[in-house]
1. Mind checking which residues of the stretch 43-60 are closer than 19 Å to Ser166 by Cβ and of a type in the set (S, T, N, Q)?
2. For Tyr172, indicate whether it is surrounded by 14 or more Cβ atoms within 10 Å (Cβ to Cβ), within 21 Å of Arg78 (Cα to Cα), hydroxyl-bearing (Ser, Thr, Tyr) and in contact (Cβ under 8 Å) with a residue 24 or more places away in the chain.
3. Does the stretch 61-71 contain at least one residue that is closer than 19 Å to Met106 by Cβ and at pLDDT 95 or above?
4. Of the residues that sit in the stretch 1-49 and are more than 30 Å from Tyr125 (Cβ to Cβ) and among the charged types (D, E, K, R), which one is modelled with the highest pLDDT?
5. Kindly provide the set of residues from the stretch 162-197 that are within 19 Å of the chain's Cα centre (by Cα) and either among the aliphatic types (A, V, I, L, M) or at pLDDT 95 or above (or both), ordered by number.
6. Looking at (1) more than 11 Å from the chain's Cα centre (by Cα); (2) at pLDDT 95 or above, find the lone condition where Lys74 falls short.
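The values are calculated or read from the model by the stated rules, or taken from the named source; none is laboratory data. Being a predicted model, the structure only gives us computed values, none of them experimental. Don't worry about glycine lacking a Cβ; one is built from the backbone with ideal geometry, like all the others, and counts go over all protein chains shown.
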Amino acid sequence: MDKQQPSQQKFSRSLVTSLEYIFAVIIGVTFFNFYEELVPLKFDFFAVTILVAFTTVIADMIGFLRNIDLRPYKTFSRYILDLIILYFYFQLLYSPLVSLEFFFKMYLLIFSAYLLWVWLEYREYKNDEDYKKTPMKIRYLRKVVCLSVGSAIWIYYAFFYPNPLSYHDYPYELATIIDWALLFSILATVIGIWVISLSKKQYVEES
């Protein structure tokens, strides 16, 4: 990574700190509101859906902090997008209280934002020699895979699934094996991409 000027490092660190505070508030408030579902954990569909959302948000935040440490903010563009993504996380954590379709829709929005984030990062670092070591197609591929999976699941569930679950209208107790399969497909996608992005091989390529 190119050497950052102290003023630029301070600029980026101040922005990241503000995101960390917002993230902590979102996680803390949401956990408090869902405490009875999560402690002790109930292995029912509603509780597992909440757990998947928490896993996604925490895993993504870990990945974000590692990425922003490698390539700090140079402008406000990614920071503004990160604020939007944090709002999406907030919506995702509470989406089980609406419907499973809305839960999947939030993944579609989050994965779309990830793809835009990579493009904004490219605009900031396209002239950096270390950044060029990892081909853009590899950077985009991970996000495109997430977006493809998220899009396919949401389109199927929103337009073709006969009995979509809803917190008020079609309760989660009626979840079928298909609902479980779609939920764990999302979880597997998130964990898979997270493990790849944090692997030692990827770190060496991008550092």
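1. Thr49
2. Considered against the rule, which asks whether it is surrounded by 14 or more Cβ atoms within 10 Å (Cβ to Cβ), within 21 Å of Arg78 (Cα to Cα), hydroxyl-bearing (Ser, Thr, Tyr) and in contact (Cβ under 8 Å) with a residue 24 or more places away in the chain, Tyr172 comes out as no.
3. There is no residue in the stretch 61-71 that is closer than 19 Å to Met106 by Cβ and at pLDDT 95 or above.
4. Top of the filtered list is Asp44.
5. Leu182, Leu183, Phe184, Ser185, Ile186, Leu187, Ala188, Val190, Ile191, Ile193, Val195, Ile196
6. Single failed check for Lys74: (2).
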